[in-house]
Amino acid sequence: MKLIVGAMIEEISQIIEGFGLSKIRFNGQIELYSGKINDEEVMVLQTGIGKTNAAMSLSAVLSCYNIEEVINIGIVGATKPFTSNEVVVINEASYHDFDLTVFGYEKGQVPRMPVYYESNQASIMKFKRLLNAKEARLYTGDSFTLNTDLTGVFDMEGAALYQVSYRFAVPIAAIKVVSDVIGEDSQHEDYKTFEKNCSIRLYELIKHYFMEG
């Protein structure tokens with residue numbers, strides 16, 4: 001069974017409604033839904049915003065259900081040359097706000113963990129083939145990114161989901177839509193506008209992935 005994961009209700013609401021998924025009793029603080037997409041059993045998880053919420057929610061679900069793959073969806077900020085509304089598939093994820101370089105680790109590396117958590121290669125190829133998506137590196141941190149020297153896309157949950165999946169030995173992939181371009185004068189307004197309208201776009205991507213795979 002695949003688990004589709006989004007941080008906000010705005011990212012998953014159309015998936016829940018469009019495929020007629022049902023909320024299930026699991027944990028009073030975790031929003032979890034189940035049903036079928038194209039006759040395939042799926043679950044959809046809303047984690048809440050931030051690394052801790054993401055890690056806690058996904059750990060709880062992976063501890064209780066037999067999940068064969070995690071698919072993270074959502075919106076991201078991005079550096080140029082990525083553009084607003086562009087679809088990107090994540091090839092690897094790391095943290096931009098974790099720093100133990102003083103002890104010899106690389107920037108973003110948690111001790112005894114890889115620097116970058118890799119996506120499931122089969123899903124990367126499928127996303128690229130079906131959705132004409134570009135690959136991107138995902139950076140995660142507990143802040144809305146307004147400036148950076150890094151190149152890639154940015155969110156507040158993804159690398160935490162990748163780390164949890166790595167620890168549970170469950171494959172993970174992520175498909176994202178760029179909501180705002182970092183450093184643009186309109187970045188904040190672009191994000192707010194896109195957040196309100198992202199659910200249908202993400203629903204269409206998931207529908208395409210499951211229906212035409």
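Bear in mind these aren't lab numbers, they're just calculated from the coordinates by the rules spelled out. Quick caveat, the model's predicted, so the values are computed rather than measured. Methodologically, a virtual Cβ is constructed for each residue, glycine included, from the backbone with ideal geometry; neighbour enumeration extends over all protein chains shown.
What the table shows:
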{"read-out": "Theoretical ellipticity at 222 nm over the chain - DSSP helices of four or more residues, -39500 (n - 2.57) apiece, nearest 500", "value": "-11000 deg cm²/dmol"}
{"read-out": "Longest exposed-site-free window of the chain, the sites being trypsin sites (Lys or Arg not before Pro) in a DSSP loop that have at most 10 other C-beta atoms within 10 Å", "value": "113-213"}
{"read-out": "Segment 2-211 - Kirkwood radius from inverse mean 1/r over Cα pairs (Å)", "value": "17.1 Å"}
{"read-out": "Modelled FRET efficiency - R0 30 Å, Asp149 with Arg112, Cβ distances, 0.05 increments", "value": "0.65"}
{"read-out": "Normalised contact order of segment 95-206, rounded percent, pairs of Cα under 8 Å and 6 or more residues apart", "value": "20 percent"}
{"read-out": "Label-to-label distance, nm, for residues given as Cys64 and Val102 (7 Å Cα→Cβ offset)", "value": "4.0 nm"}
{"read-out": "The chain - percent relative contact order, Cα under 8 Å, separation 6 or more", "value": "28 percent"}
{"read-out": "Calculated SAXS-style log₁₀ I(q)/I(0) at q = 0.24, 0.25, 0.26, 0.30 Å⁻¹ - segment 1-48, Debye, Cα scatterers", "value": "-0.84, -0.91, -0.98, -1.24"}
{"read-out": "Radius of gyration, Dmax [segment 34-73; alpha carbons; angstrom]", "value": "11.0, 33"}
{"read-out": "For segment 2-211, share of DSSP beta bridges that run antiparallel, in % to the nearest 5", "value": "40 percent"}
{"read-out": "Charge dipole of segment 1-99 about the Cα centre (unit charges at C-beta), most positive-ward option of Gln29, Gly77, Leu45", "value": "Gln29"}
{"read-out": "Virtual spin-label span in nm between Met125 and Asn85, 7 Å along Cα→Cβ", "value": "3.2 nm"}
{"read-out": "Candidate lysines for bridging to Lys134, where Cα separation is under 26 Å - those fewer than 8 sequence places away on the same chain excluded", "value": "Lys2, Lys51, Lys80, Lys107, Lys126, Lys176, Lys192, Lys196, Lys207"}
{"read-out": "13 Å reach of a label modelled at Lys134, 7 Å along Cα-to-Cβ, counting backbone N of segment 72-104", "value": "78-90"}
